Ligand code: KIV
Ligand code: ZN
């Protein structure tokens, strides 16, 4: 059996479909590029039947990331997968989207647990087997690479599951993915389920067995690893573990467990682990889903040693308390990197070392931001540079840009914000509002200009580095009161939630940037769903 575990990333499908993780197509493309650079084997780019926007986004990823590009010599080209329920319409849509990739895959699924078959599908076992046979064969008539998932496999009756998998193999499936859809199993049970499949399903040696686990009981990574130990050679994962409900298995945890405990598993992946920290921040900034500080591998405290006894041990020998090197996951420990007197060349070199290859024009913009910050802050760290780059270049397309902000607040008088925004028509719009505090006043002034008032669901602020002069980072999540789209697992619809991120040494400015970023995403999504019927300058403005 091969010692290579394929990494199938579903951040853009199972991750993006979770509440609040909505990304625009430009952001999905950027995440797709980062996943390809990271070295994932398969990118599940979306669920094309969900909406025309989803189909279009998967198609763009298939075209632009699923094909070798001129600049990326030697970079492996990932398989691009599209999800489809076991129906001809879904499979047609998935194929329409992924067929543009060099290596396309259709991933089709139907539930095999009694509870799902009886209440959700209203089908009996025979009908489900027949559907698997027909739909896998239909998908195979279009695409060579077919993945089949028996949804809720974790709660399916094992002998029926074996039967379903055999039918899928006979009909042409090349990968069999075993989902613990509701995160119900324990590692012993899930490992046992995979062993049972390896031993009892005819033809299993000719296909790849995959694991797909959810974290409802906090066991997703343990279950995935148990499945891999039992013979699975593909793991379905997401960056930061985002996904339905409690989320999916996190890519960084599975990959670092296999790497750090190499003697236990004897397996390898194709992931460049030094990019893990960066891609985690990218996904967090785009989705507005904050990574908890104590999150394994990518949390802000994952390599921080606070207790005196730990610090003492670390100073004597770092392996006393550290099982992984921070630099192996892209956390750079050298705090002082640059200062006020550093020049363009030093900045360019440092950014290249951090993986950001900027054009001359973009480097100039980054340099100006760096100088501005260096005037206010003595020590500029990698984290500050990362924040500048993310803020300047990974921000969603500006429909409205921040041109100026002035705030009066304190214990005397009403908190008041005066804001100047550059609109899509290129004109400057100014508005002043009062609020319960400076941020409320700022957001009200923005609402008045953009002529909408999305519901603010979440607001988070944190300092990127320590010290009173640190850059402040704000993430917000807002809910569009109108937008809805179909969910992959059922016919239910979901409300669209957009995340925004902003960084500045002034936290009110960072807050304004974050809110505007979320509003810009919402507007871009509206424009995309009107399929270009509206141009940016047609957006209604007041003020
Ligand atoms: O959790 C699940 O069952 C899924 C399938 C569609 C693979 O996401
Ligand atoms: Zn799932």
Quiz item: Going by how many other beta carbons lie within 10 Å of each one, how would you line up 9, 152, 506, 447, fewest first?
Solution: 506, 447, 152, 9
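Which of 416, 269 has the fewest other C-beta atoms within 10 Å, and how do the rest follow up to the most?
Numbers: 416 17, 269 20.
By the 10 Å Cβ count, ascending: 416, 269.
Could you work out [θ]222 nm for the chain from helices alone, using -39500 (n - 2.57) per DSSP H run of at least four and dividing by all its residues? Round to the nearest 500 deg cm²/dmol.
Working: 16 runs with 202 residues, N = 543.
Rounded to the nearest 500, the figure is -11500 deg cm²/dmol.
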Quiz item: When the Debye formula is applied to the Cα atoms of region 129-196, each taken as the same point scatterer, what base-10 log of I(q)/I(0) results at q = 0.16, 0.17, 0.18, 0.22 Å⁻¹?
Solution: -0.53, -0.59, -0.65, -0.89
Quiz item: Ranked highest first by average number of other Cβ atoms within 10 Å, how do 452-458, 96-102, 281-287, 21-27 line up?
Solution: 281-287, 21-27, 96-102, 452-458
Quiz prompt | Taking only Cα atoms of region 71-115, radius of gyration then Dmax in Å | solution = 14.1, 50
Quiz item: How big is the Rg/Rh ratio for region 143-287, C-alpha atoms only, Rh by Kirkwood, two decimals?
Solution: 0.98
Exercise. Determine the distance separating the Cα centre of region 230-278 from the Cα centre of region 81-100; give it in Å without decimals.
Key: 27 Å
Exercise. With a point put 7 Å past each Cα toward its Cβ, work out how far residue 69 is from residue 200 in nm, to one decimal.
Key: 4.6 nm
Quiz item: If we restrict to alpha carbons, what Rg and Dmax does region 6-287 come to, in Å?
Solution: 17.4, 52
Quiz item: Per 10 Å bin from zero, what fraction in whole % of the C-alpha pairs of region 213-265 is there, up to the bin with the longest pair?
Solution: 28, 56, 15, 1
Quiz item: Taking only Cα atoms, what is the 0 to 90° angle, nearest 10, from helix 52-64's long axis to the longest principal axis of the chain?
Solution: 90 degrees
Quiz item: Compactness ratio of region 1-104: Cα Rg over 2.2 N^0.38 Å, N = residue count?
Solution: 1.03
Practice problem: Using every Cα-Cα pair within region 43-89, state what percent have a distance larger than 14 Å. | Solution: 52 percent
Self-check item: Separation of the residue 422 and residue 352 label points, Cα + 7 Å toward Cβ, nm
Solution: 3.0 nm
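How much FRET efficiency would the formula 1/(1 + (r/R0)^6) give for residue 506 and residue 360, where r is the Cβ-Cβ distance and R0 is 41 Å, rounded to 0.05?
0.90
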Quiz item: Just the projected area, averaged over all directions, of the convex hull on the alpha carbon atoms of region 329-439: how many nm²?
Solution: 9.7 nm²
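Which number comes out as Rg/Rh for region 79-218 once both Rg and the Kirkwood Rh are worked out on C-alpha atoms? Present the calculation step by step, with values, prior to reporting the outcome.
Values: Rg = 14.3 Å, Rh = 15.0 Å.
Rounded to two decimals, Rg/Rh equals 0.95.
Under Stokes-Einstein, with the Kirkwood radius over Cα pairs standing in for Rh, what whole-number D in µm²/s applies to the chain at 37 °C and 0.692 mPa s?
Details: Rh = 24.7 Å.
Answer, rounded: 133 µm²/s.
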Quiz item: Any idea what angle helix 360-376 forms with the longest principal axis of the chain, computed on alpha-carbon atoms, 0 to 90 degrees, nearest 10?
Solution: 60 degrees
Practice problem: Can you tell me the order of 210-217, 227-234 when each peptide is scored by its average per-residue count of other Cβ atoms within 10 angstrom, highest first? | Solution: 210-217, 227-234
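Given a Förster radius of 51 Å and the C-beta distance between residue 378 and residue 456 as r, what FRET efficiency does 1/(1 + (r/R0)^6) yield to the nearest 0.05? Spell out each step's value before the answer.
Numbers: r = 34 Å, r/R0 = 0.67.
Efficiency at R0 = 51 Å is approximately 0.90.
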Quiz item: Between the helical axis of 382-393 and the dominant principal axis of the chain, each derived from Cα atoms, what acute angle in degrees is found, rounded to the nearest 10?
Solution: 90 degrees
Quiz item: What length, rounded to one decimal in nm, is gained on full extension from residue 261 through to residue 325, with 0.36 nm per residue of separation minus their alpha-carbon distance?
Solution: 21.7 nm
Exercise. Report the extension gain between residue 99 and residue 403 in nm, rounded to one decimal, defined as 0.36 nm multiplied by the number of residues separating them, less their alpha carbon distance.
Key: 105.1 nm
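Values in this text are rule-based calculations from the coordinates and carry no lab data. This one's a predicted model, so the numbers in the text were calculated from it and none came from an experiment. Heads up, the Cβs are rebuilt from the backbone with ideal geometry, glycines too, and the neighbour counts pull from every protein chain shown.
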